[in-house]
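Each value in this text was obtained by applying a stated rule to the coordinates, not by laboratory testing. Here the structure is a predicted model, which is why all the values come from computation and not from measurement. So basically every Cβ, Gly included, is an ideal-geometry build from the backbone, and we count neighbours across all protein chains shown.
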Amino acid sequence: MTQAPISPEEARQALALIETTTRQMRRALAHGGAPYFLMIWGTVWLVGFAATHVLGPESPAVGGMWLVLDAIGALASFAVGAYLGRRAPSPRGMRLGLYWLVWTVYAALILYFARPRTGDQLALLISLFAMMGYVSTGLLCRSRFLVGLGLAVTGLIVLGYVAWPAWFNLWMAVWGGGSLLTAGLYMRWAWS
Amino acid sequence: MARFDELIHQPVRLRIMAALHALDDPEARLDFRTLRDLLGVTDGNLAAHLRKLEDAGYIRVEKTFVGRKPRTYIALTHAGRAAFEAHVQALQEILRTTPGDGVE
C-alpha cells in the first residue's frame, strides 16, 4: 500500500511537471525528426513535380534537376538525422537510418532493372516506393499518423496517375508534395 | 506497482527522469548538454543530481569522445524506468484516493 507523504495538490503539481517535461523533451528532439523529413521531401516533390510539369516530363533538363533535388533532400535529411542522433543516440534511430539507406539502394536497383518506359512511370514508381517507406517506418515506429499519411498519399498518387495522366506531375506537386509539406508543418505545429 | 520514491520526487530529478522516460526508444541515451538546456540548470547542479540517480542505479552515465570532443550521455536503466513508472502511479493514486479529487 502506498504511503501518502505529500498532499494531493503536490501530487498534481508533480504530475504536471512530468507532463510539461515530457512535452518539452519530445519537442526538443522534434519527434525523431519526422516533421523535418516530411517538410524536406514535401518541398523536393513540390518543386520537382511543378518544374517537371512546366518543362515537360520528357525534357532533357528534368533528369538532372531531379538528381540535384534528390541530392539536396538526401543531404538535408542526413544533416537532420546526424544532428538529432548526436543529441539522443538510439539503436532504433540507427536502425531507421540503415533501413532508409538499404531502401534507397534497393529502390535504385529495382528502378534501374525495371526500366520504366516514360518519365511519368518512373515518377509513379519512385513515389510509390517512397510511400512504402513511410508506411513501413510508421509501422516500425508505431506511428498511426505516418501510416495514415503514407496510405492517403499512395491513394492520391494512384488516383492521379490513373484518372488524370496528362496532369500527373502537377497533381503530384500539389497532392504529393503539398500533402507531405502540410503534414510536416502540421506535426511541427501540433506536436510542439 | 505504485511506490512513492523520495529520491525521484525532488523537482530537478523528477524532470531528469521524465525527460529520459520521454525518449521513444528505451535504449536511447541523452546528451548531457541537451538535458542541461532543457532543464535550465547549471552543469554542476545537473551533475550532482545525476550522481544521486546513478548511485541509486536509476540511470547510467557514459562518457565518450565524438571526434576529439568529450561527450557525456545519460540513459535510464531498467530499474530507473520501473521506479519512475511506480512513482508516477503513486502520484496518481494519491489523487485518486483523495475524496472529491480525481486524475485529470
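Spacing of the modelled spin labels on residue A:106 and residue B:98, each 7 Å from Cα toward Cβ, amounts to 5.3 nm. Sorting B:42-54, A:130-142 by their mean Cβ neighbour count within 10 Å, with the most densely packed peptide first, gives A:130-142, B:42-54. Modelled this way, with points 7 Å down the Cα-to-C-beta line, the labels at residue B:78 and residue B:10 are 2.7 nm from one another.
Decide, for the protein assembly as shown, between rounded, prolate and oblate: order the square roots of the alpha carbon gyration tensor eigenvalues as a ≥ b ≥ c, take rounded if a/c falls under 1.5, and otherwise choose prolate if a/b is larger than b/c, else oblate. Before the final figure, lay out each step's value.
On the way: a/c = 3.15, a/b = 2.14, b/c = 1.47.
Prolate, because a/c is 1.5 or more and a/b exceeds b/c.
Counting Cβ atoms of other protein chains within 10 Å of each Cβ in A:86-99 and taking the mean gives 5.
Take peptide A:16-24, look around each residue's Cβ out to 10 angstrom, count Cβ atoms belonging to other protein chains, and average those counts.
Neighbouring Cβ atoms belonging to other protein chains average 5 per residue here.
Relative to one another, the C-alpha centroids of the range B:1-22 and the range A:40-93 are positioned 41 Å apart. Modelled this way, with points 7 Å down the Cα-to-C-beta line, the labels at residue A:163 and residue A:16 are 4.9 nm from one another. Only helices reaching 20 angstrom along their own axis (Cα) with mean Kyte-Doolittle hydropathy no lower than -1.0 count here, and for the DSSP H runs of chain A these are A:8-28, A:34-55, A:60-87, A:91-114, A:119-140, A:144-163.
Can you work out the FRET efficiency for the pair residue B:64 and residue B:37, with r the C-beta to C-beta distance and R0 = 22 Å, to the nearest 0.05? Kindly include the intermediate steps, with their values, before the conclusion.
Numbers: r = 19 Å, r/R0 = 0.88.
FRET efficiency, residue B:64 to residue B:37: 0.70.
Here is how the number arises for the protein assembly as shown: DSSP H runs of 4 or more residues each give -39500 (n - 2.57), the sum is divided by the residue count, and the result at 222 nm is -23500 deg cm²/dmol.
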